[in-house]
Number of protein chains: 2
Amino acid sequence: MLKQVPIGVSARHIHVSKEHIEILFGAGYELKVLKDLSQPGQYAAEETVAVIGPKGKFDKVRILGPARSQTQLEISRTDAFSLGINPPVRESGQIEGTPGIKVVGPQGEVDIEQGVIIAARHIHLHTSDAKAWGIRDKQQLRVKLSGERPLIFLDVLARVSDQYALDMHIDTDEGNAAGVKTGDSAEILD
Amino acid sequence: MLKQVPIGVSARHIHVSKEHIEILFGAGYELKVLKDLSQPGQYAAEETVAVIGPKGKFDKVRILGPARSQTQLEISRTDAFSLGINPPVRESGQIEGTPGIKVVGPQGEVDIEQGVIIAARHIHLHTSDAKAWGIRDKQQLRVKLSGERPLIFLDVLARVSDQYALDMHIDTDEGNAAGVKTGDSAEILD
């Protein structure tokens, strides 16, 4: 059976805690939805922030909503060189011991002590997809991308939930290395 | 037999024709050697140029010497987005129909009509390596990189010559996607 998965190439973005949203945008501020994302309930917000590292900065980093319990900036290795920081490759939420950064909004700024990661590539599967394909949560998959520069990603993490929609998330370095863009397809080999 | 190959991650760089060196740096100018590269006779020059695209520019792009018959700028897809151009993935020297760019030196500038490529990943093999491993010139190889983000590159071009030293050349997007750096090793699978 062909196990085909749509690819989403994630540009740098930030998840922000409720507390930090109020510091950056003002007391009681609520994010506005710009565009729904592939995962149910997740959205790109209208709001952006600046992030400032020791060597460089990015002026307009998109906030993805809704608010999370911890602020987390997700960048590529290329971005990390530009900023002058050295974050590890991590699963979302695993920010213990990661570098911090300065985040600047229109109403205030905050120096987060940790929370910058390079997101580990992963595939969101709905429980029904996982069952049909015999894939378990946390399984490491081999995934073939047949773009302009074909390759097989090893150790791609499966994340299974009835809250998820089928989608493979890679970052811009990975998308560019494979010569693929959002909406292209990947194939799970095993 | 383990077919291990050192990895060289190439940052953006430019090869310049003798005619363009004289326009950019002055009549009779000769490049100065900063550092020898892995391939015999090739070197990073002390000289850099600026390259200016429709959307952005890079101020210090390293010249690799010696002079070539055609000027050729090699960048990553990430760089291409920054510059605002859309070069294809090509073998070195195959610049027919590729985008041009403005190149600026201390003494002059030149608008090249074509010559910007994203270099196709490849492995230089000395004739003796190729013979020992049963690899032919132009063969497409599968190559495993076991860095922080393990993957297998498919369709990696073998380039065999008694003028070459064993080395795999990938660009910064590919190096970052795999979590490897220059001096790390890759393994040819077949």
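Quick notes on this structure:
- Cα centre as origin, Lys/Arg/Asp/Glu Cβ charges: region B:25-68 dipole, Debye: 220
- Compared with its chain on its own, region A:117-166 contains the following residues whose accessible area drops by 20 Å² or more in the full protein assembly (probe 1.4 Å; ligands, DNA and RNA excluded): A:ARG121, A:GLU148, A:ARG149, A:PRO150, A:LEU151, A:ILE152, A:LEU154, A:ASP155.
- Note on B:ARG142 and B:LEU157: the model spin-label points, each 7 Å out from Cα along the C-beta direction, lie 2.2 nm apart.
- Summed residue charge, Cβ within 13 Å of B:GLU22's Cβ, Lys/Arg positive, Asp/Glu negative: -3
- Distant-in-sequence amide H partners of B:THR71 (H built 1.01 Å from N, under 5 Å): B:SER17
- Region A:47-94 versus region B:2-32: alpha-carbon centroid distance in Å: 34
- Residues with amide H under 5 Å from that of B:THR182, placed H, sequence gap 5 or more: B:VAL9
- Counts of other chain beta carbons within 10 angstrom of each beta carbon in peptide B:170-181 average 6.
- Here is how far apart the B:GLY134 label points are across copies: 3.1 nm, shortest first, using a point 7 Å from Cα toward Cβ.
- Selection from B:GLN140, B:ILE14, A:LEU64, by position along the positive dipole direction of the protein assembly as shown (Cβ): B:GLN140
- Inter-copy label distances at B:ALA50, using a point 7 Å along Cα-to-Cβ, come to 2.3 nm with the shortest given first.
- GNM flexibility winner over chain A from A:ILE118, A:ILE135, A:ILE75 (Cα, springs under 10 Å): A:ILE135
- In order along region A:121-134, the Karplus-derived 3J(HN,Hα) couplings, from 6.51 cos²θ - 1.76 cosθ + 1.60 at θ = phi - 60°, round to 4, 7, 10, 7, 10, 5, 3, 5, 4, 4, 5, 4, 9, x Hz, and Gly and Pro are given as x.
- Under 20 Å from the Cα of A:LYS18 - lysines, other chains or at least 8 residues apart: A:LYS32, A:LYS35, A:LYS60, A:LYS102
- The residues of region A:139-190 have, on average, 37 Å² of accessible surface per residue, using a 1.4 Å probe with all protein chains present.
- For region A:78-190, size of Cβ-based charge dipole, Lys and Arg +1, Asp and Glu -1, in debye: 300
- In the assembly of identical copies, B:SER82 has its label point, taken 7 Å from Cα in the direction of the beta carbon, separated from the corresponding points by 0.7 nm (ascending, one decimal).
- Computed with a 1.4 angstrom probe on protein heavy atoms, the A-B interface buries about 1900 square angstrom of accessible area in total.
- Cut-off 18 Å, label 7 Å out along Cα→Cβ of A:LEU34, residues of region A:1-19 by amide N: A:8-17
- Computed about its Cα centre, the charge dipole of chain A is approximately 340 debye, with only Lys, Arg, Asp and Glu carrying charge at their Cβ.
The values are calculated or read from the model by the stated rules, or taken from the named source; none is laboratory data. Because the structure is a prediction, the values reported are computed rather than measured. Neighbour counts are summed over all protein chains in view; Cβ atoms, including those assigned to glycine, are modelled from backbone coordinates with ideal geometry. What goes into the accessible areas is simple: the full protein's heavy atoms, side chains included, and nothing from ligands, DNA or RNA. Shrake-Rupley method; radii C 1.70, N 1.55, O 1.52, S 1.80 Å.
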